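Asker: Below is the structure I would like to discuss, written out as structure tokens.
The values are calculated or read from the model by the stated rules, or taken from the named source; none is laboratory data. Nothing here was measured: the structure is a model prediction, and the numbers come from that model. As a convention, Cβ positions derive from the backbone with ideal geometry for all residues, glycine included, and neighbour counts pool all protein chains shown.
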Amino acid sequence: MPQRPLVSPAQRRALGQLLRFGVAGAGNALLTAGLTSGLATVIDPRAAYVIAYAVGLVTATWLISKVVFKARLTGSRAVKFGALYVAVFLVGLLALQIALALGLPRHLSGGVILVTAPLSFLGSRVIFPPGR
């Protein structure tokens with residue numbers, strides 16, 4: 001009697017997307033956090049965050065559309081993705097401002113990624129639904 005696979009093809013695709021998102025997101029998060037923390041030692045942490053976030057946005061746009069979801073980045077998706085990243089950026093900037101006011105050392109400013117990464121994942125799943 002043939003054995004059924006543990007996961008269906010659709011589940012396998014979804015798991016692949018999740019894994020790729022995790023790897024791409026981790027790489028982009030490390031880039032953003034490292035750049036933010038590094039720049040924050042020589043410039044204002046908020047300015048460092050702005051620069052690092054812009055670099056992360058360009059990187060994420062390519063990674064999410066082409067690598068994670070293997071989707072074409074249409075005009076509509078680009079606008080939605082940009083809006084998502086602006087919203088997440090503002091939330092991250094607010095989180096950074098609060099953390100600094102609470103005494104967060106400047107060299108730990110990149111920790112704001114702990115707030116922004118989950119928001120980016122959830123929003124990206126809405127913008128790039130599986131199979132489209």
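Asker: Determine, yes or no, whether ALA78 is at pLDDT 85 or above and of a type in the set (A, V, I, L, M, F, W, C).
Answerer: Details: at pLDDT 85 or above: no; of a type in the set (A, V, I, L, M, F, W, C): yes.
It is false that ALA78 is at pLDDT 85 or above and of a type in the set (A, V, I, L, M, F, W, C).
A quick yes/no check of all residues on (1) farther than 19 Å from LEU108 by Cβ; (2) touching an Asp or Glu at 6+ places or on another chain (Cβ under 9 Å); (3) not hydroxyl-bearing (Ser, Thr, Tyr):
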| residue | (1), (2), (3) |
| --- | --- |
| GLN17 | yes, no, yes |
| GLY25 | yes, no, yes |
| THR32 | no, no, no |
| LEU39 | no, no, yes |
| ASP44 | no, no, yes |
| THR61 | yes, no, no |
| LYS66 | yes, no, yes |
| LYS70 | yes, no, yes |
| GLY75 | yes, no, yes |
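Asker: Would you confirm, using the coordinates I've provided, whether LEU18 is free of Cβ contacts under 8 Å to residues at least 12 places away in the same chain and farther than 24 Å from LEU90 by Cα? Walk me through it before giving the result.
Answerer: Values: free of Cβ contacts under 8 Å to residues at least 12 places away in the same chain: yes; farther than 24 Å from LEU90 by Cα: yes.
Against the criterion (free of Cβ contacts under 8 Å to residues at least 12 places away in the same chain and farther than 24 Å from LEU90 by Cα), LEU18 qualifies.
Asker: Also, I was wondering about something else. Quickly run through the stretch 13-48 and pick out the residues that are loosely packed, with under 13 Cβ neighbours inside 10 Å and in contact with a helix residue (DSSP H, G or I) (Cβ under 7 Å, 6 or more places away or on another chain).
Answerer: The answer is THR41, and nothing else.
Asker: May I pose another question? Restricting attention to the stretch 36-52, and to residues there that are in a helix (DSSP H, G or I) and in contact (Cβ under 8 Å) with a residue 60 or more places away in the chain, which single residue is nearest to LEU100 (Cα to Cα)?
Answerer: Kept after step one, since they are in a helix (DSSP H, G or I), are these residues of the stretch 36-52: 36-40, 45-52.
In the following step, the residues that additionally are in contact (Cβ under 8 Å) with a residue 60 or more places away in the chain were identified as 36-37, 40, 45, 48-49.
On the way: THR36: 14, SER37: 13, ALA40: 12, PRO45: 9, ALA48: 13, TYR49: 13 Å.
Among those that are in a helix (DSSP H, G or I) and in contact (Cβ under 8 Å) with a residue 60 or more places away in the chain, it is PRO45.
Asker: If you don't mind, another one. Can we say GLN3 is more than 23 Å from GLY92 (Cβ to Cβ) and not in a loop (DSSP other than H, G, I, E, B)?
Answerer: Numbers: more than 23 Å from GLY92 (Cβ to Cβ): yes; not in a loop (DSSP other than H, G, I, E, B): no.
In short, no.
Asker: State the number of residues belonging to the stretch 61-104 that are within 15 Å of ALA24 (Cβ to Cβ) and of a type in the set (Val, Ile, Thr).
Answerer: Count: 4.
Asker: In the stretch 23-40, what residues are within 18 Å of TYR85 (Cβ to Cβ) and under 12 Å from the mean Cα position of the chain (by Cα)? Can you show your working first?
Answerer: Within the stretch 23-40, the subset within 18 Å of TYR85 (Cβ to Cβ) is 24-33, 35-36.
Within the stretch 23-40, ALA24, GLY25, ALA26, GLY27, ASN28, ALA29, LEU30, LEU31, THR32, ALA33 qualify.
Asker: Sticking with this structure for a sec: Just the residues that are part of a loop (DSSP other than H, G, I, E, B), free of Cβ contacts under 8 Å to residues at least 12 places away in the same chain and surrounded by 12 or more Cβ atoms within 10 Å (Cβ to Cβ), please, taken from the stretch 98-132.
Answerer: Within the stretch 98-132, LEU104, PRO105 meet the criteria.
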